[in-house]
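Report on the structure given below.
The values are calculated or read from the model by the stated rules, or taken from the named source; none is laboratory data. Remember, it's a predicted structure, so these values are computed and weren't measured experimentally. Note that each Cβ is placed from the backbone with ideal geometry, even for glycine, and that neighbours are counted across all protein chains shown. Note: areas computed on protein heavy atoms with side chains; ligands, DNA, RNA excluded. Shrake-Rupley method; radii C 1.70, N 1.55, O 1.52, S 1.80 Å.
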Amino acid sequence: QAQLVESGGGLVQPGGSLRLSCAASRSIFDNYYMGWYRQTPGKQRELVAGITIFGTTTYADSVKGRFTISRDTSKTTVYLQMSSLKPEDTAVYYCNAWSVGQNYWGQGTQVTVSS
């Protein structure tokens, strides 16, 4: 059974917006640090944004002011709201849940920013 289920990727024009969702099990949502990573061919996966169980957030410099990570406790879902998208945001985005000795990844969702 998948621990993390992502949705919301797609094709968007530069300047547009998308929202990614990551549905987690209750046990993961309540106990793990969660984040969104992205990866392009030939490059390492990089952290885009992260959020603690207390709601403290962190962002990569490249997305500050444009992306917002949030969590919905009732739905055990973490969101990544992406605005003012640029072609360089094109990547496969992965949801991640981390705790000491445990690390889970979602299946990945493609985001393409192109006119």
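Springs join every pair of Cα atoms under 10 Å in this Gaussian network model of the chain, and among S99, S74, S84 the largest mean-square fluctuation is at S74.
Here the accessible area is traced with a 1.4 Å probe on the protein chains. For the chain, carbon and sulfur cover 49 percent of it. Considering only A97, A24, A60, the Gaussian network model of the chain with Cα springs below 10 Å gives its largest mean-square fluctuation to A60. Of all aspartates and glutamates in the structure, the ones whose alpha carbon falls short of 16 Å from that of K43, not counting any fewer than 8 places away in one chain, are E88, D89. In the context of the full set of protein chains, residues of the stretch 20-72 present 52 Å² of accessible surface per residue (probe radius 1.4 Å, heavy atoms only). Taking all Cα pairs closer than 8 Å and separated by 6 or more residues, the relative contact order of the stretch 1-79 comes to 27 percent.
At an R0 of 22 angstrom, the distance between the Cβ atoms of N31 and K64 translates into a FRET efficiency of 0.25. Can you tell which of Q13, Q81, Q102 shows the greatest fluctuation in a Gaussian network model of the chain with Cα springs below 10 Å? Maximum among the listed residues: Q102.
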